[in-house]
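Visitor: Once you've had a glance at the structure underneath, I'll fire off some questions.
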Amino acid sequence: MGPSALEVADIFRAHGPAFRAAQRSHLSLGQLKVMTAIEQCRTAALGGHVLRCTDCERDQVSYNSCRNRHCPKCQAAAAKRWLEARQADLLPVDYYHVVFTLPAPISDIAYYNKAVIYGLLFEIAAETLTTIAADPKHLGAQIAATLVLHTWGSALTHHPHVHGIVPGGGLSPDGKRWVSCKPGFFLSVRVLSRLFRRRFLEALEEAHRAGKLQFFGVTAGLSDLKVFARWLAPLRKIEWVVYAKRPFAGPEAVLAYLSRYTHRVAIANSRLVAMDERGVTFKWKDYRDKSNPDRPRHKTMTLAVDEFMRRFLLHVLPGGFHRIRHFGLIANNGRKEKLALARELLGVVPAVPTDLVEDAHAAGDEPVRPNFVCTHCGAQMLVVESIMRGQSIRAPPSARGGL
């Protein structure tokens, strides 16, 4: 199967039944639900509708999406809706990208303790940013931060880390002025790394004492607190990876970045190359290959089909777990008031509230785009027939145009 057609859904449809049978005792209910959702996405199993173009009168069948947050085909629309809501939160200042990564030993136990350890990753990363930023020796301000959880490496391995998007400054402690960071420099990465390491290990020990962690197989011995403490000791001495990139080139670049990262899944269909008797071949980036700094690190990897599916399902999140969270000035509690104060101190015109924009559109101040657009002529398409879940189409689309 060639690169233009191959999707994760094709792999699950072709090999999912055998994989389920072989791994029945190892797959969680959440993983099984994700497999089923991806397999059924945009098929007759989920229902849909027949559309007819108001101009060229072509008919087109459109099946419903599964809307599962792990599905590669369902994230573009979700990301667009999320970005439209976030535009009003952006401030006219430099924004920085900070990444907090967990060391490999903690990633290993995180797989069986996703809700606890992923939750700590969010909490401690946010606490680290806000604590160092509030210190007068560094910035001395109340900052904002949007954190996005990714659990994968480029080769689909388990690699939990959070991407943080933070404005280059914040409100003074008394809320009377905007404090900007130094041009091109947000906070010391070394200081962030040390505090992040210390606080995360403290919180992990607290979780262990509270009986919130589970251990299986080769890690079963870590259920003993003394053994766990000895296991943690080397992690206090190694460097934890925290890094910051150069500021984005304006708010538009921030939104472009967010559109790529906020709703990303473990692997996009565009990275799939082929599925054949050898397995699944996909593109990946080898970040460890430094043999030639000028040469792109893009490579291809082939995994047995079962191993590919296993790696993909490593990244299914616990039910109800939020992978995008806001902290500081943009936390839900008091966000509108704090952003309004920040804009006032920065001397910028307040953003138009989302609800007013929607009201203006409804009033006809701006043309409302049709929900469905003809791929042949660009005219509006109307629903002429609904297809119930699992219902077959009674006949092929009209001979007037076809698909």
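Visitor: Just a yes or no: is a residue in the stretch 316-329 modelled with pLDDT of 85 or more and either farther than 30 Å from Gly153 by Cα or in contact with a Cys (Cβ under 7 Å, 6 or more places away or on another chain) (or both)?
Guide: The first filter runs over the stretch 316-329 and keeps only residues modelled with pLDDT of 85 or more, leaving 316-329.
Subsequent filtering for residues that are either farther than 30 Å from Gly153 by Cα or in contact with a Cys (Cβ under 7 Å, 6 or more places away or on another chain) (or both) retains 329.
The answer is yes, given that some residue of the stretch 316-329 is modelled with pLDDT of 85 or more and either farther than 30 Å from Gly153 by Cα or in contact with a Cys (Cβ under 7 Å, 6 or more places away or on another chain) (or both).
Visitor: Which numbered condition in (1) under 24 Å from the mean Cα position of the chain (by Cα); (2) at pLDDT below 95; (3) of a type outside the set (Ser, Thr, Tyr) is the only one that Cys181 fails?
Guide: Condition not satisfied by Cys181: (1).
Visitor: Further question on the same structure: Would you check which residues across the stretch 255-275 are in contact with a Lys or Arg (Cβ under 9 Å, 6 or more places away or on another chain) and assigned to a helix (DSSP H, G or I) and list them? Reasoning before the result, please.
Guide: Of all residues in the stretch 255-275, those in contact with a Lys or Arg (Cβ under 9 Å, 6 or more places away or on another chain) come to 255, 258-259, 262-263, 265-267, 269-273.
Once the filter is applied, which keeps residues that are in contact with a Lys or Arg (Cβ under 9 Å, 6 or more places away or on another chain) and assigned to a helix (DSSP H, G or I), the stretch 255-275 yields Leu255, Leu258, Ser259, Asn269, Ser270, Arg271.
Visitor: Please enumerate the residues belonging to the stretch 241-275 that are of a type outside the set (S, T, N, Q), over 30 Å from Gly169 (Cα atoms) and in contact with a strand residue (DSSP E or B) (Cβ under 9 Å, 6 or more places away or on another chain).
Guide: Going through the stretch 241-275, the residues of a type outside the set (S, T, N, Q) turn out to be 241-258, 260-261, 263-268, 271-275.
From what's left, over 30 Å from Gly169 (Cα atoms): 265-268, 271-275.
Listed by number, the residues that qualify are Val265, Ala266, Ile267, Arg271, Leu272, Val273, Ala274, Met275.
Visitor: Out of all the residues in the stretch 279-286, is one or more among the small types (Gly, Ala, Ser), over 22 Å from Phe122 (Cα atoms), open to solvent by less than 70 Å² (accessible area, probe 1.4 Å) and modelled with pLDDT of 85 or more? Steps first, answer last, please.
Guide: First pass over the stretch 279-286, keeping only residues among the small types (Gly, Ala, Ser): 279.
When the remaining residues are screened for being over 22 Å from Phe122 (Cα atoms), the result is 279.
Pick out the ones that are also open to solvent by less than 70 Å² (accessible area, probe 1.4 Å) and you get 279.
From what's left, modelled with pLDDT of 85 or more: 279.
Looking through the stretch 279-286, at least one residue is among the small types (Gly, Ala, Ser), over 22 Å from Phe122 (Cα atoms), open to solvent by less than 70 Å² (accessible area, probe 1.4 Å) and modelled with pLDDT of 85 or more.
Visitor: Any chance you could count how many residues in the stretch 131-150 are touching a residue at least 40 places away in the same chain (Cβ under 8 Å) and open to solvent by 50 Å² or more (accessible area, probe 1.4 Å)? Reasoning before the result, please.
Guide: Taking the stretch 131-150 and keeping what is touching a residue at least 40 places away in the same chain (Cβ under 8 Å), we get 131-133, 138-139, 142-150.
Restricting the remaining residues to those that are open to solvent by 50 Å² or more (accessible area, probe 1.4 Å) gives 131, 138, 142.
The qualifying residues number 3.
Visitor: Within the stretch 46-74, count every residue that is at positive phi and modelled with pLDDT under 85.
Guide: Here the count works out to 1.
Visitor: Considering only residues that are outside any loop (DSSP other than H, G, I, E, B) and at pLDDT below 95, look in the stretch 201-219 and name the one that is surrounded by the fewest Cβ atoms within 10 Å (Cβ to Cβ). So that I can check it myself, show each step before the final result.
Guide: Our first condition is that a residue be outside any loop (DSSP other than H, G, I, E, B); within the stretch 201-219, this holds for 201-209, 217-219.
Within this subset, residues satisfying the condition of being at pLDDT below 95 are 217-219.
Working: Gly217: 6, Val218: 8, Thr219: 18.
In this case the residue turns out to be Gly217.
Visitor: What are the pairs with Cβ atoms under 9 angstrom where one residue, in the stretch 304-315, is among the basic types (Lys, Arg) and the other, located anywhere, is open to solvent by 50 Å² or more (accessible area, probe 1.4 Å)? Sequence gap at least six, or different chains.
Guide: Sorted first by the residue in the stretch 304-315, then by its partner, the pairs are Arg310/Gln23; Arg310/His26; Arg311/Thr157.
Visitor: Quick one: would you say Leu235 is crowded, with 16+ Cβ neighbours inside 10 Å, at pLDDT 95 or above and touching a helix residue (DSSP H, G or I) at 6+ places or on another chain (Cβ under 6 Å)? Reasoning before the result, please.
Guide: On the way: crowded, with 16+ Cβ neighbours inside 10 Å: yes; at pLDDT 95 or above: yes; touching a helix residue (DSSP H, G or I) at 6+ places or on another chain (Cβ under 6 Å): no.
Considered against the rule, which asks whether it is crowded, with 16+ Cβ neighbours inside 10 Å, at pLDDT 95 or above and touching a helix residue (DSSP H, G or I) at 6+ places or on another chain (Cβ under 6 Å), Leu235 comes out as no.
Visitor: What tally of residues in the stretch 49-70 results from selecting those that are surrounded by fewer than 20 Cβ atoms within 10 Å (Cβ to Cβ), in contact (Cβ under 8 Å) with a residue 40 or more places away in the chain and under 25 Å from Leu255 (Cα atoms)?
Guide: Qualifying residue count for the region: 1.
Visitor: Looking at the stretch 180-200, which of the residues that are of a type in the set (Ser, Thr, Tyr) and open to solvent by 20 Å² or more (accessible area, probe 1.4 Å) is nearest to Lys137 (Cα to Cα)? Spell out how you get there, then give the answer.
Guide: Quick first cut of the stretch 180-200, residues of a type in the set (Ser, Thr, Tyr) only: 180, 188, 193.
Applying the additional criterion that residues be open to solvent by 20 Å² or more (accessible area, probe 1.4 Å) yields 180, 188.
Values: Ser180: 14, Ser188: 11 Å.
Out of the qualifying residues, it is Ser188.
Visitor: Continuing with the same structure: Does Arg310 count as at pLDDT 80 or above, open to solvent by 60 Å² or more (accessible area, probe 1.4 Å) and not in a loop (DSSP other than H, G, I, E, B)?
Guide: Details: at pLDDT 80 or above: yes; open to solvent by 60 Å² or more (accessible area, probe 1.4 Å): yes; not in a loop (DSSP other than H, G, I, E, B): yes.
So Arg310 fits the description; yes.
Visitor: Of all residues in the stretch 1-48, count the ones that are among the hydroxyl-bearing types (Ser, Thr, Tyr), open to solvent by 60 Å² or more (accessible area, probe 1.4 Å) and in a helix (DSSP H, G or I).
Guide: Filtering the stretch 1-48 down to residues among the hydroxyl-bearing types (Ser, Thr, Tyr) leaves 4, 25, 28, 36, 43.
In the following step, the residues that additionally are open to solvent by 60 Å² or more (accessible area, probe 1.4 Å) were identified as 4, 25.
This time we only want the ones that are in a helix (DSSP H, G or I), so: none.
Summing the residues that are among the hydroxyl-bearing types (Ser, Thr, Tyr), open to solvent by 60 Å² or more (accessible area, probe 1.4 Å) and in a helix (DSSP H, G or I) in the stretch 1-48 gives 0.
Visitor: While we're looking at this one, here's another question. What about Arg86, is it buried (at least 16 other Cβ atoms within 10 Å of the Cβ), of a type in the set (Lys, Arg) and farther than 19 Å from Leu149 by Cα?
Guide: Working: buried (at least 16 other Cβ atoms within 10 Å of the Cβ): yes; of a type in the set (Lys, Arg): yes; farther than 19 Å from Leu149 by Cα: no.
Spelling it out, it is not the case that Arg86 is buried (at least 16 other Cβ atoms within 10 Å of the Cβ), of a type in the set (Lys, Arg) and farther than 19 Å from Leu149 by Cα.
The values are calculated or read from the model by the stated rules, or taken from the named source; none is laboratory data. In this text the structure is predicted, and so the values were computed from the model without any measurement. Here the Cβ is made from the backbone with ideal geometry for all residues, glycine too, and neighbour counts use every protein chain on show. Heavy atoms of the whole protein, side chains included, go into the accessibility calculation; ligands, DNA and RNA do not. Shrake-Rupley method; radii C 1.70, N 1.55, O 1.52, S 1.80 Å.
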